[in-house]
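Below: one structure, written as structure tokens.
The values are calculated or read from the model by the stated rules, or taken from the named source; none is laboratory data. Please read these numbers as outputs of a predicted model, since none were measured by experiment. Cβ coordinates were reconstructed from backbone atoms using ideal geometry, including for glycine residues, and neighbour counts include every protein chain displayed.
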Amino acid sequence: MRRLLTSLTAVALTLALPVAAYAAGTTDTGKPTGHDWTLDSIFVIALSIPLILGLLTLIDIARGKHTQRDH
């Protein structure tokens, strides 16, 4: 029985050790690498909205559409 158990252990280690080494060598965690730029895009858009509205307001003022005169 000991010989059979020793042989099975040797076969199991022969199969298990390369699989364990391969699994330890892979670093793929499923997460993407690198910069996502999503938050940066959100902040750029959020900051540009008031700038665009301010520019449009200045254009309206320059064209005289924000005067208090009744036409």
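So if I check each of A10, A24, A62, which one is small (G, A, S), outside any loop (DSSP other than H, G, I, E, B) and at pLDDT below 80?
From the options A10, A24, A62, the qualifying one is A24.
On the given criteria, is L39 assigned to a helix (DSSP H, G or I), within 12 Å of the chain's Cα centre (by Cα) and free of Cβ contacts under 8 Å to residues at least 60 places away in the same chain?
For L39, the condition - assigned to a helix (DSSP H, G or I), within 12 Å of the chain's Cα centre (by Cα) and free of Cβ contacts under 8 Å to residues at least 60 places away in the same chain - is met.
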